[in-house]
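To start, the structure under review is shown below, and the notes come after it.
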Amino acid sequence: MNQDAIKDLLYRLADDELVIGHRMSEWTGLGPFLEEDIAFASIAQDEVGHSQAYYTLLHELLGEAIPDVLAFQRQPEKFRSSLFTEQPNGDYAFSLIRHFLYDFAEEVRLEALVKSKFAPLAELAVKLSREERYHQLHAITWVNQLGSATEESHRRMQDAVNAAYPMALGLFEPTEWNDILAAEGIMPREQELQAAWYLKVEEHLTAAGLTIPAVSDPSAFYGGRSGKHSEHLSKMLKEMTEVTTIDPTAVW
Amino acid sequence: MKLNSLDPRISRAELPEENQYTPKTELDQWQTWEVFHQRNRGEHHTHVGIVHAPTADIALLFAKEQYARRMKCVNLWVVPTSAVYATSYEDSDMFEPGIDKSYREAFSYKNKELIQKFKSEQAEQAAH
């Protein structure tokens, strides 16, 4: 199996989870109300935990540095996360829709990875899928509720879909390894995953009374998979690594 | 003036320094739901606390994170607090027996000791 292709794939998976997990965690203590604050923070923690699991595979099987170093000591251009995940928070509706679009993309990916010929990744995908069930329940319940609860909630959710959907396409930015990963049975092509994802999110958004906007340039939010990030990522990483930077060798 | 905080997330939000929101009036909140938790299939559901939520399915979402995150759970119930019909503390006298009724209380039978005595006798006989 092509080690470079697997390495690149694992970085994409891990970095997406770390960056979106951190963005979600930024709501901790500031959430709309206590119970939702706790639920959202818990999902954020799960996503960061997933990133740690992927970084561990990179370290143990592919000779990369330990997870803490990979998470806290890499430059932004080394990150393979999509531009979608690094976008700053705004309205809570945006964070909810991002969580909805992202977790369905994750579900589609994990469903495919369970059958991956790269056995350690297939085993991990089975474990991570278990946590995804609650993430999806949380996302679907809120999309259903707020999609039609009041005029204001509908407007804010639709605005969030209009803003987030074109960005979410960046999750499926094809890389140079796209065909090799598919040919070796490690993971299907990005286009195939995107098509499966579209069917799921379209069904739920329509049921909630929300509409997917037309996208003129699907590649508008490409770049993250080759390390071309916006300033949002560098700012986020600077804040995220503020404490470890003081003394990277400190023991916790 | 924008609110300046040691927490960068607060400063980023560019909130006005003066609070513009009027506090909610008392009880102008979502209803509460009583949460019942089941540790293993077939066991009783046990009351573990409450959550605020607008609907039953959202109450379940929250119940899972508040009450089933750190302990084993196979099933959760949520029941609107308003559906609970309860006795009044003012009537709590009715739980106090007026006269001695200890003969009604199963714990006055010392079965456990009798059973243990029987078992040890059996064991002794078997040893001989």
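The values are calculated or read from the model by the stated rules, or taken from the named source; none is laboratory data. Just so you know, these numbers come straight off a predicted model, no measurement behind them. Note that we place each Cβ from the backbone using ideal geometry, even for glycine, and neighbour counts take in every protein chain shown.
List of remarks:
Residue-wise test of (1) in contact (Cβ under 8 Å) with a residue 24 or more places away in the chain; (2) in a strand (DSSP E or B).
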{"position": "B:VAL48", "(1), (2)": "no, yes"}
{"position": "B:VAL51", "(1), (2)": "yes, yes"}
{"position": "B:ASP57", "(1), (2)": "no, no"}
{"position": "B:LEU60", "(1), (2)": "no, no"}
{"position": "B:ARG69", "(1), (2)": "no, no"}
{"position": "B:LYS72", "(1), (2)": "yes, no"}
{"position": "B:VAL79", "(1), (2)": "yes, yes"}
{"position": "B:MET94", "(1), (2)": "no, no"}
{"position": "B:GLY98", "(1), (2)": "no, no"}
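- Checking the stretch B:45-66 against the condition returns no match, with no residue being of a type outside the set (Val, Ile, Thr), in contact with a His (Cβ under 6 Å, 6 or more places away or on another chain) and away from chain A (no Cβ under 12 Å).
- Conditions (1) among the β-branched types (Val, Ile, Thr); (2) in contact with an Asp or Glu (Cβ under 8 Å, 6 or more places away or on another chain); (3) free of Cβ contacts under 8 Å to residues at least 60 places away in the same chain: number failed by A:ILE246: (2)
- The set of residues from the stretch A:9-31 being modelled with pLDDT under 95 and over 17 Å from A:PHE100 (Cα atoms) comprises A:GLY29, A:LEU30.
- Number of residues in the stretch B:11-27 that are in a loop (DSSP other than H, G, I, E, B) and over 35 Å from the mean Cα position of the chain (by Cα) equals 7.
- Criterion: at pLDDT 95 or above and hydroxyl-bearing (Ser, Thr, Tyr) - qualifying residue of A:THR175, A:THR245, A:THR249: A:THR175
- On inspection, A:GLU123 does not qualify as part of a helix (DSSP H, G or I), within 12 Å of chain B (Cβ to nearest Cβ) and of a type in the set (Asp, Glu).
- Subset of the stretch A:126-175 that is without any contact (Cβ under 8 Å) to a residue 12 or more places away in the chain and away from chain B (no Cβ under 14 Å) - its residue that is nearest to A:ILE212 (Cα to Cα): A:ARG155
- Qualifying residues in the stretch A:177-217 (those that are hydrophobic (A, V, I, L, M, F, W, C) and not in a helix (DSSP H, G or I)) - the one surrounded by the most Cβ atoms within 10 Å (Cβ to Cβ): A:MET187
- Selection of the stretch A:72-110 for residues being more than 20 Å from A:ALA41 (Cα to Cα) and of a type in the set (Val, Ile, Thr) yields only A:VAL108.
- Residue match in the stretch A:36-50 (condition: surrounded by 15 or more Cβ atoms within 10 Å (Cβ to Cβ), free of Cβ contacts under 8 Å to residues at least 12 places away in the same chain and more than 14 Å from chain B (Cβ to nearest Cβ)): no
- The criterion of being more than 21 Å from A:PHE40 (Cβ to Cβ) and either at pLDDT 85 or above or within 8 Å of chain A (Cβ to nearest Cβ) (or both) holds for B:ARG39.
- Meets criteria (surrounded by 21 or more Cβ atoms within 10 Å (Cβ to Cβ) and in a helix (DSSP H, G or I)) for A:LEU61: no
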